[in-house]
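A short write-up of the structure that comes next.
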Amino acid sequence: MAERLPDLADADVLHERLRELTETVSAPAVASAPAVRVSSERRAKFWTRAAIAVTVLIIGATAFTVVTAPRQYEPTPAPGQRVGGVPAPMGPQKLSRQDLKLRAKLRDVPMNGPERLVPRIP
């Protein structure tokens, strides 16, 4: 320190300057013990509640996943392929006049058929 500040090389001058400094500059304000305790307790409550909230969030997400997740593996169906040598599936064929007459007759009088066509009511 004497190399940087040659005028303070003497110990008496250094002590005198330090004494003057302590008299002119006030010490920083220190919080009281109750204030420090209240602040620490408030911070501890905050972090405890935050940890509990995160834990509840994780439990809720896990429960949601357990409820909505599939229970077993369901493979995707294979894409359809054309089968050779088989005719394309056709819809119902057109009804002939005789078929149309029979259908109309059956619709008009459904319960007048033979006994085997009438349902039995227990």
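The values are calculated or read from the model by the stated rules, or taken from the named source; none is laboratory data. These figures come from a predicted structure and were not determined experimentally. All Cβ positions, even for glycine, are placed from backbone atoms using ideal geometry, and neighbour counts span all protein chains on display.
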Seminar exercise, completed: Reported set for the stretch 5-21 where residues are surrounded by 11 or more Cβ atoms within 10 Å (Cβ to Cβ) and either in contact with a Phe, Trp or Tyr (Cβ under 9 Å, 6 or more places away or on another chain) or charged (D, E, K, R) (or both) is Asp10, Glu16, Arg17
Problem set entry | Subset of the stretch 68-118 that is part of a loop (DSSP other than H, G, I, E, B) and surrounded by 10 or more Cβ atoms within 10 Å (Cβ to Cβ) - its residue that is modelled with the lowest pLDDT | Gly113
For this session: Under 9 Å between Cβ atoms, at least 6 apart or on separate chains: pull out the pairs that start in the stretch 21-40 with a residue that is in a helix (DSSP H, G or I) and end on any residue that is surrounded by 10 or more Cβ atoms within 10 Å (Cβ to Cβ).
Result: Ser39/Ala31
